[in-house]
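Taking it in order: structure first as structure tokens, then the write-up.
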Amino acid sequence: MTEYRIDDLAHAAGTTARNVRGYQDRGLIPRPIRRGRIAIYNDEHLAQLRVINDLLGRGFTMQHIGEFFERMRQGEDLAEVLGLREMVSEPWSRTPSETVSAAELHKLLGTDDPDLLARVQASGLIEPVGDATPPAQYMITDTESIDGYVRLMAIGVPLEYILGLQRKLDDDMDRAAHTLISAGRSAITEGRFDGWIPESDEESGWASLFLGELRRTGRVAAHNTLYRALDRELSRQLDDYLSIARERKHAAES
């Protein structure tokens with residue numbers, strides 16, 4: 001079992017030594033082993049810190065997390081709850097990905113400008129691989145979208161313009177996602193309370209079924225709603241475009 005001093009443990013867990021001490025004082029993680037004046041932590045501490053960080057990232061409060069660990073100490077089986085958390089955090093879709101060298105990515109996008117690459121990364125389409133600065137490799141997390149970028153650039157659309165469009169699209173999709181997930185959150189707590197956690201096999205089974213159906217229905221409804229909206233907007237803007245064209249033609253002939 002790996003042993004850690006507090007700073008090394010905090011670094012491995014992606015937190016701070018101050019937080020480690022705070023969780024320890026709350027009883028969320030065990031006290032370290034003492035070797036003289038040195039506190040020694042192990043993989044058990046690291047695993048619990050990662051669970052705490054993940055739950056905090058999902059919106060759980062320190063009180064909820066404390067209750068989870070207390071129930072575990074009392075011998076209750078939280079496997080279903082933790083399994084439910086994994087289901088909630090599972091990505092809704094998995095896009096094709098590919099690892100390429102930095103030179104290959106620069107050639108693909110037609111640029112090695114750090115600012116433009118940072119904007120592509122901010123959209124979630126690429127991720128650096130490793131700790132090298134600048135990165136020697138990148139993971140293209142959505143090859144379909146990057147291929148679309150490349151096709152647009154091939155017909156003369158600048159990458160900077162595409163990234164501006166992507167930013168606006170990301171913002172619109174964030175609002176749509178908020179609407180859908182907020183509706184699901186309200187439905188799952190209907191007649192209960194916000195922060196409700198299943199406490200029986202029956203409740204966990206229902207929550208898992210609900211989340212699965214929300215994913216399936218939400219995915220289909222979101223896609224089809226977008227397609228209908230695209231059809232409506234295309235028709236509206238085409239009519240507007242042709243109307244302007246007719247007016248310009250009429251003005252030129254007058």
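The values are calculated or read from the model by the stated rules, or taken from the named source; none is laboratory data. All of these numbers come straight from a predicted model, not from anything done at the bench. For neighbour counting, all protein chains shown are included, and Cβ atoms are generated from backbone atoms with ideal geometry for every residue, glycine included. Side chains are part of the model used for accessible areas, which takes the heavy atoms of the whole protein and leaves out ligands, DNA and RNA. Shrake-Rupley method; radii C 1.70, N 1.55, O 1.52, S 1.80 Å.
Treating each Cα of the range 1-71 as one equal point scatterer and applying the Debye formula with no solvent, the log10 of I(q)/I(0) at q = 0.18 Å⁻¹ comes out as -0.64. Remark on N42: its backbone amide H falls under 5 Å from those of Y4, a criterion applied only to residues 5 or more positions apart or on other chains, H modelled at 1.01 Å from N.
From its DSSP helices (H runs of at least four residues, each -39,500 (n - 2.57)), the chain gives a residue-normalised ellipticity at 222 nm of -22000 deg cm²/dmol. Per residue, the solvent-accessible area of the chain (1.4 Å probe, heavy atoms of protein chains only, all protein chains present) comes to 68 Å². Derived scalar couplings between HN and Hα for the range 236-249 equal 5, 6, 5, 4, 5, 4, 5, 5, 5, 4, 5, 5, 5, 5 Hz in order, rounded to whole Hz, by the Karplus curve 6.51 cos²θ - 1.76 cosθ + 1.60 (θ = phi - 60°), x for Gly and Pro.
Going out from 0 in 5 Å bins, what whole percent of all Cα-Cα distances in the range 88-194 drops into each bin? Calculated over all Cα pairs of the range 88-194, the distribution is 2, 10, 18, 21, 15, 11, 8, 6, 4, 3, 1, 0 percent.
In order along the range 187-192, phi translates into HN-Hα couplings of 5, 6, 9, 4, x, 10 Hz, rounded to whole numbers, per the Karplus curve 6.51 cos²θ - 1.76 cosθ + 1.60 with θ = phi - 60° and x for Gly and Pro.
When only alpha carbons are used to place a centre, the range 231-254 and the range 133-149 end up 39 Å from one another.
Given the choices (1) 94, 51, 27; (2) 57, 42, 34; (3) 47, 44, 35, Cα extents along the principal axes in Å derived from the coordinates of this structure is entry (1). The phi torsions of the range 173-180, fed into the Karplus equation with coefficients 6.51, -1.76 and 1.60 and a -60° offset, translate into couplings of 5, 4, 5, 5, 5, 4, 4, 5 Hz, rounded to whole numbers, with Gly and Pro shown as x.
Over the range 118-166, Cα pairs under 8 Å with separation of 6+ residues give a relative contact order of 28 percent.
On the basis of the beta-carbon distance and an R0 of 30 Å, A252 and V157 show a calculated FRET efficiency of 0.55. Just the protein heavy atoms count here, and of the accessible area of the chain at 1.4 Å, carbon and sulfur take up 53 percent.
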